[in-house]
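A.B. asks: First the structure, then my questions, so here it is.
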Amino acid sequence: MSTSFLVKELDIAVDDRTWPKNIVNPKLKSGSGRVNIDLGEALHELGTITMPNLMSPACPALFWAWLRYYLAPSKHQDLRIKMDFSDLDPHQKGILSDDFGVALATHWVRKRLGPFAQIVDGRKFANQFKDLQRKQNKSKAKVGMSKAPDFVMQDFKGKWHILECKGTQSSREYQKSVLKTAIVQKRAIRLVGSVRGEQLASSVYLTNEDGRPRSNMLVVDPDGDDPLIRLSGQQADEMVVKASRLTVARAMGSIGLNEVAIEMSLPPDIEADSELLLPSERTRLRSDRRDRLARATERARASTLARFEHNSRTYQGRVGLFDLPPVGPEFPYRKVRVRQGVTPELIREISISEAHIDDRVDEVIRPFVRSAKLDVQAAEDQTSVTYGEMFYSDVEWIR
């Protein structure tokens, strides 16, 4: 168990009516009701695995912005947001709600269905299957990046799960209404046959210190029609390869090697007019790929990453030590240290030449991701996130 003040009660409702024949996976059903959620783990996962746009140099995670969320919960046993955070302007309040919606849902799903070999961005994952998109794309109005789910996850039984996350502080009514949007987004990818796991949409409502009504999360599994891509056992091996590449790309982005991260995440045959691309990605694809790859490898070779050790292994990445404001006796820490790193052998392999990011990337990363799993460990005053021996991150609270 991590720091006790970060373990909060959350009401979780799994809507049986949305599952086929009203039969819910027992692992999900047993995790419903009033549940203890370790926010220390959930927020650390957010900052290393599930923060949106972690590969972009503009991502707030590169400036450790997610650390402020540790100060947001009130002292109550159940999850409530302090008035200071509840009173933010609507834009900042919306970002906090969305990020908590992601953190709580992905943490809960990992605990119920994990361990996971992969958790990857749904839009980037869908982008890897351009040929399948072309075969099934009947109407432009039904596709687009807004229709892609937040995450695609692979468990160790070979099942793949889809998750779309929403969060709000507005009202319980609005919480239910945003699930309709989540349902549309979940439809972009349809899993069938031997690879099919759970296909979930979640919505978190956060209450302030008044606590009326209680914070809660709704989880549904609605039907969806006419997906952008359909994945089955025929694509099982290909799904693992592509998700592994995205996992390594995210790790590179988390330590600041953004050019490498973005180029690894973009399939070499993708076109600039793809429906699932961001404007910045379209602009990038209009420039020469060889020039882009040369720039990425050069920046990786020239980087001055911090070095640290864990369990007698060396990692290269980023280390930050931050002073915390005095916020009351319920938060007994004065400093926090964060470390995020990738094994130097992988960084060296990726930066040898442009070919190692281009046509040889899957071969290069295979030894580093084979049989690896995402793991989150918590102890008093510390949490850690690892992906095999390839990636390591920890958050340590200092009194």
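A.B. asks: Out of region 291-309, which residues are under 18 Å from GLU396 (Cβ atoms) and open to solvent by 50 Å² or more (accessible area, probe 1.4 Å)? Quick ask: steps written out before the conclusion?
C.D. replies: Within region 291-309, the subset under 18 Å from GLU396 (Cβ atoms) is 306-309.
Answer for region 291-309, where residues must be under 18 Å from GLU396 (Cβ atoms) and open to solvent by 50 Å² or more (accessible area, probe 1.4 Å): ARG307, GLU309.
A.B. asks: Could I ask something else about it? In region 81-112, how many residues are assigned to a helix (DSSP H, G or I) and either buried (at least 22 other Cβ atoms within 10 Å of the Cβ) or touching a Leu at 6+ places or on another chain (Cβ under 7 Å) (or both)?
C.D. replies: Of the residues in that region, 16 qualify.
A.B. asks: Moving to a separate point now. With respect to the numbered conditions (1) under 27 Å from the mean Cα position of the chain (by Cα); (2) surrounded by fewer than 12 Cβ atoms within 10 Å (Cβ to Cβ); (3) small (Gly, Ala, Ser), which one is the sole condition not fulfilled by GLY328?
C.D. replies: Unmet condition: (1).
A.B. asks: Go through region 113-127 and count every residue that is assigned to a helix (DSSP H, G or I) and among the aliphatic types (A, V, I, L, M). Write out each step before concluding.
C.D. replies: Restricting attention to region 113-127, the residues satisfying the condition of being assigned to a helix (DSSP H, G or I) are 113, 122-127.
Next cut, among the aliphatic types (A, V, I, L, M) only: 113, 126.
Result for region 113-127: 2.
A.B. asks: Can I ask one more? For the structure I just gave you, tell me whether ARG282 is free of Cβ contacts under 8 Å to residues at least 12 places away in the same chain and either on the phi < 0 side of the Ramachandran plot or open to solvent by less than 40 Å² (accessible area, probe 1.4 Å) (or both). Step through it out loud before you land on a result.
C.D. replies: Values: free of Cβ contacts under 8 Å to residues at least 12 places away in the same chain: yes; either on the phi < 0 side of the Ramachandran plot or open to solvent by less than 40 Å² (accessible area, probe 1.4 Å) (or both): yes.
Spelling it out, ARG282 is indeed free of Cβ contacts under 8 Å to residues at least 12 places away in the same chain and either on the phi < 0 side of the Ramachandran plot or open to solvent by less than 40 Å² (accessible area, probe 1.4 Å) (or both).
A.B. asks: Here is a further query. Taking into account only those residues within region 26-43 that are in contact with a His (Cβ under 8 Å, 6 or more places away or on another chain) and not in a helix (DSSP H, G or I), which is farthest from ARG214 (Cα to Cα)?
C.D. replies: Here the answer is ASP38.
A.B. asks: What are the residues in region 222-232 that are at pLDDT 90 or above and open to solvent by less than 10 Å² (accessible area, probe 1.4 Å), if any?
C.D. replies: Of everything in region 222-232, just one residue is at pLDDT 90 or above and open to solvent by less than 10 Å² (accessible area, probe 1.4 Å), namely LEU231.
A.B. asks: Do we find a residue being in contact (Cβ under 8 Å) with a residue 60 or more places away in the chain, assigned to a loop (DSSP other than H, G, I, E, B), closer than 28 Å to TYR387 by Cα and out of contact with any Phe, Trp or Tyr (no Cβ under 9 Å at 6 or more places or on another chain) anywhere in region 16-24?
C.D. replies: Looking for residues that are in contact (Cβ under 8 Å) with a residue 60 or more places away in the chain, assigned to a loop (DSSP other than H, G, I, E, B), closer than 28 Å to TYR387 by Cα and out of contact with any Phe, Trp or Tyr (no Cβ under 9 Å at 6 or more places or on another chain), one finds none in region 16-24, hence no.
A.B. asks: Quick check: is even one residue across region 208-217 crowded, with 21+ Cβ neighbours inside 10 Å and of a type in the set (D, E, K, R)?
C.D. replies: So far as region 208-217 goes, no, none of its residues is crowded, with 21+ Cβ neighbours inside 10 Å and of a type in the set (D, E, K, R).
A.B. asks: Same structure, new question: I'm checking my understanding of the structure. Among residues of region 234-279 that are under 20 Å from the mean Cα position of the chain (by Cα) and of a type in the set (Asp, Glu), which one is least open to solvent (accessible area, probe 1.4 Å)?
C.D. replies: The selected residue is GLU263.
A.B. asks: With respect to the numbered conditions (1) at pLDDT 90 or above; (2) more than 25 Å from ASP89 (Cα to Cα), which one is the sole condition not fulfilled by GLN169?
C.D. replies: Of everything listed in (1) at pLDDT 90 or above; (2) more than 25 Å from ASP89 (Cα to Cα), GLN169 misses just condition (2).
A.B. asks: I would also like to ask the following. Would you please list the contacts, defined by Cβ atoms under 6 Å and residues six or more apart or on different chains, that run from a residue in region 42-58 that is more than 18 Å from ALA105 (Cβ to Cβ) and touching a residue at least 24 places away in the same chain (Cβ under 8 Å) to a residue that is open to solvent by 10 Å² or more (accessible area, probe 1.4 Å) and aliphatic (A, V, I, L, M)?
C.D. replies: Final answer for the pair search is MET55/ILE262.
Listed here are the residues, each with its yes/no results for (1) part of a strand (DSSP E or B); (2) of a type outside the set (A, V, I, L, M, F, W, C).
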| residue | (1), (2) |
| --- | --- |
| ARG337 | yes, yes |
| LEU346 | no, no |
| ASP362 | no, yes |
| ALA372 | no, no |
| VAL376 | yes, no |
| GLU389 | no, yes |
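A.B. asks: Okay, moving on. May I ask you to list pairs of residues, at least six apart or on different chains, whose Cβ atoms are under 6 Å apart, with the first in region 65-92 being farther than 17 Å from PHE5 by Cα and the second being open to solvent by less than 10 Å² (accessible area, probe 1.4 Å)?
C.D. replies: Filtered contacts from region 65-92: TRP66/LEU46; TRP66/GLY47; PHE85/ALA72.
A.B. asks: Output yes when any residue across region 44-64 is part of a helix (DSSP H, G or I), of a type in the set (D, E, K, R) and open to solvent by 30 Å² or more (accessible area, probe 1.4 Å), and no when none is. Let's see the steps before the verdict.
C.D. replies: Filtering region 44-64 down to residues part of a helix (DSSP H, G or I) leaves 44-50, 60-63.
Those left that are additionally of a type in the set (D, E, K, R): 45.
Remaining after also requiring open to solvent by 30 Å² or more (accessible area, probe 1.4 Å): none.
Among the residues of region 44-64, not one is part of a helix (DSSP H, G or I), of a type in the set (D, E, K, R) and open to solvent by 30 Å² or more (accessible area, probe 1.4 Å), which makes the answer no.
The values are calculated or read from the model by the stated rules, or taken from the named source; none is laboratory data. Remember, predicted model here, so these are calculated numbers, not experimental data. Reconstructed Cβ throughout: ideal geometry from the backbone, glycine too, with neighbour counts over all protein chains shown. Ligands, DNA and RNA are excluded from the accessible area calculation, which covers all protein heavy atoms including side chains. Shrake-Rupley method; radii C 1.70, N 1.55, O 1.52, S 1.80 Å.
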